[in-house]
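To start, the structure under review is shown below, and the notes come after it.
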Amino acid sequence: MARTTLRYVTVRAADETFHTPLGLGVYLSDDYASGYLDADLKGTVTRVVPAEN
């Protein structure tokens, strides 16, 4: 990503229906692509989706 134009963090509540724990999402995007990572509350990254041009 050459120039990040948008950044934000989300806090996701635990969901008993889908068995997902409380977590964080960090999102970065530019004019052409976006990517994100998911992490638990200890900071362990659980998923990475890189930006692709």
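Ordering Tyr8, Tyr27 by how much accessible area each has at a 1.4 Å probe, largest first, what is the list?
Numbers: Tyr8 105, Tyr27 60 Å².
Accessible-area ranking of Tyr8, Tyr27, largest first: Tyr8, Tyr27.
Per the 1.4 Å probe, what fraction of the accessible area of the chain, in percent, lies on carbon and sulfur atoms?
Working: 2420 of 4410 Å².
In the chain, the share of accessible area belonging to carbon and sulfur is 55 percent.
If you rank Glu52, Glu16 by how much accessible surface each has, with a 1.4 Å probe, what is the order from largest down?
Details: Glu52 140, Glu16 165 Å².
The ranking, largest first, comes out as Glu16, Glu52.
In debye, nearest 20, what is the charge dipole magnitude of the chain about its Cα centre with +1 on Lys and Arg Cβ and -1 on Asp and Glu Cβ, if you could check?
Details: 5 positive and 7 negative charges, 36 e Å.
Computed charge dipole of the chain: roughly 180 debye.
Give, in nm to one decimal, the length gained when the segment between Asp31 and Arg3 is fully stretched (0.36 nm per residue of separation minus the Cα-Cα distance). Numbers along the way, then the final one.
Working: separation 28, 0.36 × 28 = 10.08 nm, distance 0.84 nm.
Separation in residues times 0.36 nm, less the Cα-Cα distance, equals 9.2 nm.
Roughly how many Å² is the accessible area per residue of the chain, as a whole number, for a 1.4 Å probe?
Heavy-atom SASA per residue in the chain reads 83 Å².
Provide the FRET efficiency to the nearest 0.05 for the Glu16-Lys42 pair, computing r from the beta carbons and using R0 = 30 Å.
The pair Glu16/Lys42 has a calculated efficiency of 0.90.
Kindly report, to the nearest 10 Å², the accessible surface of Thr44 as traced by a 1.4 Å probe over protein heavy atoms only.
Thr44 has an accessible surface of roughly 80 Å² with all protein chains in place.
Quick one: which residues, 5 or more positions from Asp30 or on another chain, have an amide H under 5 Å from its amide H? H modelled 1.01 Å from N in the peptide plane, none for Pro or chain starts.
Thr5
The values are calculated or read from the model by the stated rules, or taken from the named source; none is laboratory data. Quick caveat, the model's predicted, so the values are computed rather than measured. When we count neighbours, we look across all protein chains shown, and the Cβ atoms used for this are built from the backbone with ideal geometry, even at glycine. The protein model used for the area step is the full one, side chains on, heavy atoms only, and it has no ligands, DNA or RNA in it. Shrake-Rupley method; radii C 1.70, N 1.55, O 1.52, S 1.80 Å.
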